[in-house]
Amino acid sequence: MSIAGQLQVLRDRLRPGVTLVAVSKTQPAEAVREAYAAGQRHFGENYAQEWRDKAAALADLPDLVWHFVGSLQTNKVKVLLPAGPPRAAWVHTVDRPELAHELSKRAAQRGAALRVLLEVNVAREPQKAGAAPEAVPGLAALVAGLPGLELRGLMCIPPAEGDPRPHFRALHAIGESLHLPDLSMGMSGDWEAAVEEGATLVRVGTAIFGARPPRA
Ligand SMILES: *Cc1c(COP(=O)(O)O)cnc(C)c1O
């Protein structure tokens, strides 16, 4: 099915109030254009250079909103947020104070608030990014006080195996205890379960664009 067709299938099943983030990592800029022409406005990227290059290639689409959903090294923040005209953007993967400070500094220099989500390692997987659940309240307080950032909520990537719902519920509970409005959870294989558990942003790649080309 075409990108427009896949988007329509998803839209027909999404409930109001849930933002569909089309994860376009490793897809060419033309695929983003095609989705944009079909009405899609929120796009997600995983790699700082690819975000920068695609944002430049698509700078003529003024109301396109970028979401960074990949692991972010602090020294890549300058690639992600170069000096220049501010654009609406979200970062879903803030998981440590140094990264929050650097994002705030760069965002404040551009004069645009950056919406951020804290990534939580809900299942405490040793190899995974994300703050430990008990570290989230402290990190949330820090981010809420930084001038360049607007704290919106939490994000998680549950373990690849097993039922994701207990992890979605755990994230929901932390978000509620901190009175945060947004939850980014759910991908192509589990977004419906995530929406049932309270997701406000779902990150869907292959169910829109098809299989990903290998990373260049
Ligand atoms: C790639 C990716 C997605 C999209 O995954 P699909 O299974 O293709 O929908 C969502 N979230 C993150 C963090 C990703 O890296």
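Run the numbers on the chain and let me know its relative contact order in percent, using alpha-carbon pairs under 8 Å that are six or more apart.
RCO, the chain: 20 percent.
Looking at Met187, Pro213, Val136, which one has the Cα that reaches farthest to the positive end of the dipole of the chain (charges on Cβ: Lys, Arg +1; Asp, Glu -1)?
Value: Pro213.
Per DSSP H run of n ≥ 4, the term is -39500 (n - 2.57); total these for the chain, divide by its residue number, and report the mean residue ellipticity at 222 nm rounded to 500 deg cm²/dmol.
Only helices count here, giving -10500 deg cm²/dmol.
Using each residue's phi in segment 6-16, evaluate 6.51 cos²θ - 1.76 cosθ + 1.60 at θ = phi - 60° and report the 3J(HN,Hα) Karplus result to the nearest Hz, with x for Gly and Pro.
5, 4, 5, 4, 5, 4, 5, 9, 6, 8, x
How large, in percent, is the carbon and sulfur part of the accessible surface of segment 1-134 at a probe radius of 1.4 Å?
Taking all protein chains in place, segment 1-134 shows 53 percent carbon and sulfur surface.
Rolling a 1.4 angstrom probe over the protein heavy atoms, how many square angstrom per residue are accessible across segment 3-209?
43 Å²
Cα convex hull of the chain: how many Å³ per residue? Don't skip to the answer; put the middle values down first.
Values: hull volume 26.0 nm³, N = 216.
Per residue, the Cα convex hull of the chain comes to 120 Å³.
Just to confirm the filter: which GluC sites (Glu not before Pro) across segment 106-213 are DSSP coil and have at most 14 other Cβ within 10 angstrom of their Cβ?
When the GluC sites (Glu not before Pro) of segment 106-213 are filtered for loop state and at most 14 Cβ neighbours within 10 Å, Glu161 remain.
Residue-wise, which Karplus ³J(HN,Hα) couplings in Hz belong to segment 104-121, taking 6.51 cos²θ - 1.76 cosθ + 1.60, θ = phi - 60°, and x for glycine or proline?
5, 4, 5, 5, 5, 5, 7, x, 9, 6, 9, 7, 10, 10, 8, 7, 10, 7
Could you give the dipole magnitude of segment 3-209 about its Cα centre, charging the beta-carbon of Lys and Arg +1 and that of Asp and Glu -1, in debye to the nearest 20?
Its charge dipole is roughly 520 debye.
The values are calculated or read from the model by the stated rules, or taken from the named source; none is laboratory data. The model shown is predicted, which means the values in this text are computed figures rather than measured ones. Note that each Cβ is placed from the backbone with ideal geometry, even for glycine, and that neighbours are counted across all protein chains shown. Side chains are part of the model used for accessible areas, which takes the heavy atoms of the whole protein and leaves out ligands, DNA and RNA. Shrake-Rupley method; radii C 1.70, N 1.55, O 1.52, S 1.80 Å.
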